[in-house]
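Visitor: One structure, as structure tokens, below. Some questions next.
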Amino acid sequence: MTGTEPTMTDKWTIDVSLQHEPYRVRAEALLRLEDGGEFVGVGIAEAGLRNGSTSQIGAYLAVTRALSDLTAELLETVASDVARSIEVDGLLATPSTN
């Protein structure tokens with residue numbers, strides 16, 4: 001690469017929302033793709049009362065779990081797409097027996 005080649009840029013956005021309950025935090029990580037596709041990951045963690053430091057730790061843990069769940073969703077989709085691609089390529093590459 002010489003540095004003069006055009007580059008393509010995609011913008012994917014992750015929104016994280018938290019729902020605080022007295023002793024639990026639920027996080028949802030929503031990934032939005034440019035083409036309109038979406039993936040969602042959910043994480044739940046125990047937490048202290050909302051105003052305590054354990055509540056912040058619970059929020060961090062819930063977000064971490066939501067992002068991990070989101071990662072698993074993406075990996076599952078990629079594995080499925082790759083398997084489907086291999087099947088299609090395999091069918092197209094099979095010589096005709098006629």
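The values are calculated or read from the model by the stated rules, or taken from the named source; none is laboratory data. Remember, predicted model here, so these are calculated numbers, not experimental data. When we count neighbours, we look across all protein chains shown, and the Cβ atoms used for this are built from the backbone with ideal geometry, even at glycine. These area figures cover heavy atoms from the full protein model, side chains too; ligands, DNA and RNA do not enter into them. Shrake-Rupley method; radii C 1.70, N 1.55, O 1.52, S 1.80 Å.
Visitor: Just checking, how many residues over segment 34-49 are open to solvent by 90 Å² or more (accessible area, probe 1.4 Å) and in contact with an Asp or Glu (Cβ under 6 Å, 6 or more places away or on another chain)? Quick ask: steps written out before the conclusion?
Guide: Within segment 34-49, the first condition is being open to solvent by 90 Å² or more (accessible area, probe 1.4 Å), and the residues that meet it are 34-35, 38, 46, 49.
Narrowing further to those that are in contact with an Asp or Glu (Cβ under 6 Å, 6 or more places away or on another chain): 34.
Residues flagged as open to solvent by 90 Å² or more (accessible area, probe 1.4 Å) and in contact with an Asp or Glu (Cβ under 6 Å, 6 or more places away or on another chain) within segment 34-49 amount to 1.
Visitor: Oh, and also: Restricting segment 1-33 to residues that are open to solvent by 60 Å² or more (accessible area, probe 1.4 Å), of a type in the set (A, V, I, L, M) and assigned to a strand (DSSP E or B), which is farthest from Ala72 (Cα to Cα)?
Guide: Only one residue tops the list, namely Leu18.
Visitor: Further, regarding this structure: All but one of (1) at pLDDT 90 or above; (2) outside any helix (DSSP H, G or I) hold for Ala62, so report the exception by its number.
Guide: Tallying (1) at pLDDT 90 or above; (2) outside any helix (DSSP H, G or I), Ala62 fails exactly one: (2).
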